[in-house]
Ligand code: HT7
Ligand code: ZN
C-alpha cells in the first residue's frame, strides 16, 4: 500500500468550476452522468488530468462533446487518466455505472434499509464518479436524481430544489442546486421512503429557514429532541460565534447503517439513527446529551468545515478540532460547564492519552497516512479541540472571538490549513505565540512536573516546571511545548488568594487587571525548565494547578495527599476538586494493585472514604458533579499507569474498592436513591439528568453488595422505572453479578424491547462488556442471535466493540478474547474495511501486557497482516501495531 505524505502536497493542475451530476437510480444498477467544467490552474499548461475512481464501470468519456478514444486515456482500478486534455478550459463528461445495492462498505452511494444514501468523506466520492477527490477542489453542483416514484418518493441532495416532476414508467425526478462552492466530500444524495418533521427557524437577520428531519415513517415521533437541538444550535452559533445559516432549507436524514456518527454534507446532514432518535422510554440521558452535541457538531460544520474547508486531509483537525470545541462549548452552555468538562477530559485521558502512548500515536496534524479513514481519531478530534481551547485560554473570550471573526472573514469559500487558523488568532490579537504550532506537529502527551516552595520571609511562592514530550513513532526527540497553565492559590481556610504579580526569567509580570482582584492566572510555560515566583503571598498557599484542565498534559505535582484532600474539599475550581479526588483514587488503586500482586490483604484508606462521604453529603454541589466525583477512575486508566498492565489485578482492586465504599456508605447511598427517585414526568433538563445520574451511581454501588435487601431494591428500581435511563441503569447494576436474577432481567428486557433495534443494541453491549468470567462464550452465542448482523456498524460496535472494552475478558490469559477478535476482524474486513479497522485497533496496545498475553495478541496481528486480500484500512492499523 502507498503511504501519502503531507510534505508532498502540491496544488492541483486543474480546478473544477461547475459540476452537473445526473443519477438514474435502479435496482440492478445506477447510472451516473457527470459534466464538469475544468479550468487549468495555470493557463496554457496541458498536463495529464488524473481522476480518482474506485469500483466504477466506465461507459464513456467526452471532452468538449467529443467522445475520447481508448488511446486517449488510461483506466485502472483506482484512476482514469486523461493523457492529453486541451490547453485552456474544457468540459469533461463521463458516464459510469455503479452498484449501490452491493456496496457493504457504506462509503460512496449505498443502500440502507431499502433507501439510497451517500457517505463521501473522506474519499468516498470516487466510488460514485471519476473525480479529483480532494478537498481543495471546490465547485458549484447541480444534481438531477431520477428514480422509481413508489419505491423512492423522496429525492434529496444539497442546496435548493429547483425542479421536480413525473416521468414515464412510474419514475420521477428532482433537480437540486447548491449555490455554494463545496468540496466533493460534502456532496450528498438520499432517495427513499421517508417522512419529515418540519419546523422553521428565523435567523438573526430575519430570514426564515425551513428545517426538516427525515426518517422512516414509524420513527418520526422520536425526532422531537433532535429538532429542539437543531434550533438551539442555530441560535447559539449566532449568539456566540456570530454565524448565521446561509440557505433557506436545512435537511437532516436518519439512516440505520452508517460508519460513524453523522455527516455534515452541505444543507443535507446524514445521521446515524442512534444520534437522532430518542424518546424517554427508549433513550437514556447519555443518548439525549449525545444527540444534542452531535446535532450541534454537524450544524456548526456549516461554517467550520463547509464555508471554510481543509486544503488537504492532513488538515482535518482544522475543521474537526475546532468543531468539537464548538460543540463542547454549546453543550456546556446548555447544561453544566464543569460536568461537561469532566466528561470531555475523561474521554481525552482514557482514549487519546492511550493512543498517544501507543504505536498509532500521531500529531494532531498527521505527517502521513495509508488510509485517511484511519485518521478520524481521538487525537485529531479531541486533542485538536484542546488545542483550540488553549487559544481561548490564552487570548480570553474576546480575543478568541476576534480571531475566529478574522478567520471567517479571510477564508470564506477557501480550502485552508492549520497555519491559517493560527495566523488569524495571532493577527487579530497582535500576539506572539512562540512555539504554539508544535501542538500540530509533535505527537505524544507532554509530561509536566511541578515543584513548589514558599519563602516565609520574602512572602514569595515559587513554582518550578519541567516538561518532556515522550518519543513517539517517527519522532524520537521533541522540542518543549507552549503550555498554558491556569492556576490559583488557596489560603489555609480554603479561599482563593488574590494574585498580584510573579517573576519569570527575572522579569516582573503583573497579573492584576483594573481594580478587580484576580484569582486565576494563566502561566505560559514554554521552556524545558521554567520558574515562576509569585510575590506578596501572605501565607504558605496550596496551589490549584491546571485549572479547568487548561492543557492536554500529564501533570505531576508535589502536592501531598493532605493537599489533595484539601483541594477536594475547598477548591473554587470545581474541575480541580474532581481532579484531586481522581488523583487520590488513582494512588489508592495503584497501591492496592501492588498489594493484590503480592497476595497481601486489600485495604481501603479511611481518609478516602471520609473525603467521598463529605462530597456525597454536600448539598451545595451539582448532583451530577457528585456522581462524577464519587466514580472511580476506569480500569484502563489505571492500567495505563502501570509498568506492565495487569487487567486481573486492576479489576479485583476496582471491585474491592467499590464494594468497600458501598459497605461503609450504605446508608448514605440508600438515602440518595430514595431522595432522588421521582415519579414525575421525564424531563431532559440538567437538574433532572443530574438527579438521575446521582441516584443511579448510588444504585450501582449498592448493587455490588452481597445483600438480599439491596438486590430487592435494585430489582424494584428496574421494575418501577418509567424511562430508559433508570431502567437501563438498574439492569446494568443487576447484570454485574452472574446468576438467575441476571438471566431473568436480561430476558425480560429483550422481551420488552425486541422491536426496537437501538434498545437491542444497548442490550448487546451490556452483555458483551460484562466482566463475568468466560464471557467470550456468551458473546459468541450472541453473534448468532437473530437481532445481530455484521453488516450494521452499530451492532458491531455494541457487541464486538463492547467485548473489547472489557479488560478481563478481552485480555483473558488463555487468549480466547484475542482469537475471537482476530477471526472477526477478517470476516468484517470483507464487508466493511472501515469498521474492521476500528475493531482491530483494540489490539494496538498489546505491548503493555505480560509476555503470555503479548505473544497471543501478536500472533493474531501477524495472522491478520498475512491474510490475502486484506484492506488497506486494516493493514495500516495492524502493521503499525506490530512495529
Ligand atoms: N466529518 C464527518 C466524518 C465522517 C466520516 C469519516 C470517515 C468515514 C465515515 C464518516 N462519516 C462521517 C463526521 C464529523 O466529524 O462530523
Ligand atoms: Zn466533525
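Computed values, structure above
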{"read-out": "Residue 577 vs. criteria crowded, with 20+ Cβ neighbours inside 10 Å and not in a helix (DSSP H, G or I)", "value": "no"}
{"read-out": "Complete set of residues in the range 825-859 that are touching a helix residue (DSSP H, G or I) at 6+ places or on another chain (Cβ under 6 Å) and not in a helix (DSSP H, G or I)", "value": "844"}
{"read-out": "Count of residues meeting criterion [free of Cβ contacts under 8 Å to residues at least 60 places away in the same chain and either within 16 Å of ligand 2 (Cβ to nearest atom) or closer than 30 Å to residue 835 by Cβ (or both)] in the range 225-253", "value": "3"}
{"read-out": "Evaluation of residue 84 against (1) under 39 Å from the mean Cα position of the chain (by Cα); (2) farther than 19 Å from residue 373 by Cα; (3) part of a loop (DSSP other than H, G, I, E, B) (one fails), failing number", "value": "(1)"}
{"read-out": "Qualifying positions in the range 208-226 - assigned to a helix (DSSP H, G or I) and surrounded by fewer than 19 Cβ atoms within 10 Å (Cβ to Cβ)", "value": "217, 218, 220, 221, 224"}
{"read-out": "Helices (runs of 4 or more DSSP H) wholly inside the range 628-730 containing at least 2 residues that are touching a residue at least 12 places away in the same chain (Cβ under 8 Å), under 26 Å from residue 741 (Cα atoms) and within 30 Å of the chain's Cα centre (by Cα)", "value": "647-664, 686-703"}
{"read-out": "When residues of the range 132-151 are limited to those that are within 16 Å of ligand 1 (Cβ to nearest atom) and touching a strand residue (DSSP E or B) at 6+ places or on another chain (Cβ under 7 Å), the one nearest to residue 38 (Cα to Cα)", "value": "133"}
{"read-out": "Counted residues, the range 765-796 - those being part of a helix (DSSP H, G or I) and under 20 Å from residue 700 (Cβ atoms)", "value": "4"}
{"read-out": "Residue selected from the range 257-276 under the condition within 19 Å of the chain's Cα centre (by Cα) and assigned to a loop (DSSP other than H, G, I, E, B), by the criterion nearest to ligand 2 (Cβ to nearest atom)", "value": "264"}
{"read-out": "Of residues in the range 459-477 being part of a loop (DSSP other than H, G, I, E, B) and touching a residue at least 40 places away in the same chain (Cβ under 8 Å), the one nearest to residue 431 (Cα to Cα)", "value": "470"}
{"read-out": "Residue check for residue 349: more than 11 Å from ligand 2 (Cβ to nearest atom), within 25 Å of residue 413 (Cβ to Cβ) and surrounded by fewer than 24 Cβ atoms within 10 Å (Cβ to Cβ)", "value": "no"}
{"read-out": "Yes/no for residue 592 being in contact (Cβ under 8 Å) with a residue 12 or more places away in the chain, more than 21 Å from residue 806 (Cβ to Cβ) and outside any loop (DSSP other than H, G, I, E, B)", "value": "no"}
{"read-out": "Residue check for residue 275: more than 10 Å from ligand 1 (Cβ to nearest atom), without any contact (Cβ under 8 Å) to a residue 60 or more places away in the chain and in contact with a helix residue (DSSP H, G or I) (Cβ under 9 Å, 6 or more places away or on another chain)", "value": "yes"}
{"read-out": "Test: residue in the range 382-389 that is away from ligand 2 (no atom under 14 Å from the Cβ), within 12 Å of the chain's Cα centre (by Cα) and crowded, with 22+ Cβ neighbours inside 10 Å", "value": "yes"}
{"read-out": "The listed residue being touching a strand residue (DSSP E or B) at 6+ places or on another chain (Cβ under 9 Å) and surrounded by 15 or more Cβ atoms within 10 Å (Cβ to Cβ), out of 510, 492, 550", "value": "550"}
{"read-out": "Matching residues, the range 349-382, being more than 24 Å from residue 2 (Cα to Cα) and more than 16 Å from ligand 1 (Cβ to nearest atom)", "value": "349, 350, 353, 354, 357"}
{"read-out": "Single residue of 104, 118, 129 found to be touching a strand residue (DSSP E or B) at 6+ places or on another chain (Cβ under 8 Å), modelled with pLDDT of 95 or more and either over 20 Å from residue 26 (Cβ atoms) or in a strand (DSSP E or B) (or both)", "value": "118"}
{"read-out": "Single condition residue 43 does not satisfy, out of (1) surrounded by 12 or more Cβ atoms within 10 Å (Cβ to Cβ); (2) assigned to a loop (DSSP other than H, G, I, E, B)", "value": "(1)"}
{"read-out": "Odd one out for residue 776, checked against (1) within 30 Å of residue 842 (Cα to Cα); (2) free of Cβ contacts under 8 Å to residues at least 40 places away in the same chain; (3) over 26 Å from the mean Cα position of the chain (by Cα)", "value": "(2)"}
{"read-out": "Count of residues meeting criterion [more than 16 Å from ligand 2 (Cβ to nearest atom), surrounded by 21 or more Cβ atoms within 10 Å (Cβ to Cβ) and not in a loop (DSSP other than H, G, I, E, B)] in the range 355-373", "value": "2"}
{"read-out": "Some residue of the range 65-73 being closer than 25 Å to residue 144 by Cα, within 39 Å of the chain's Cα centre (by Cα), away from ligand 1 (no atom under 16 Å from the Cβ) and assigned to a loop (DSSP other than H, G, I, E, B)", "value": "no"}
{"read-out": "Identity of the residue in the range 311-348, under 30 Å from residue 586 (Cβ atoms) and outside any helix (DSSP H, G or I), that ends up farthest from ligand 1 (Cβ to nearest atom)", "value": "336"}
{"read-out": "Within the range 239-256, tally of residues that are surrounded by fewer than 17 Cβ atoms within 10 Å (Cβ to Cβ) and within 24 Å of the chain's Cα centre (by Cα)", "value": "1"}
{"read-out": "One residue from 247, 292, 277 being at pLDDT 95 or above and closer than 23 Å to residue 789 by Cβ", "value": "277"}
{"read-out": "Residue under evaluation residue 297, criteria (1) crowded, with 24+ Cβ neighbours inside 10 Å; (2) touching a residue at least 60 places away in the same chain (Cβ under 8 Å); (3) within 16 Å of ligand 1 (Cβ to nearest atom), criterion not met", "value": "(2)"}
{"read-out": "Tally of residues being within 9 Å of ligand 2 (Cβ to nearest atom) and assigned to a helix (DSSP H, G or I) across the range 295-310", "value": "3"}
{"read-out": "Among (1) away from ligand 1 (no atom under 14 Å from the Cβ); (2) part of a helix (DSSP H, G or I); (3) within 24 Å of residue 687 (Cα to Cα), the one test that residue 282 misses", "value": "(2)"}
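The values are calculated or read from the model by the stated rules, or taken from the named source; none is laboratory data. Only a predicted model underlies this, so the values are computations on that prediction, with no experimental measurement involved. As a convention, Cβ positions derive from the backbone with ideal geometry for all residues, glycine included, and neighbour counts pool all protein chains shown.
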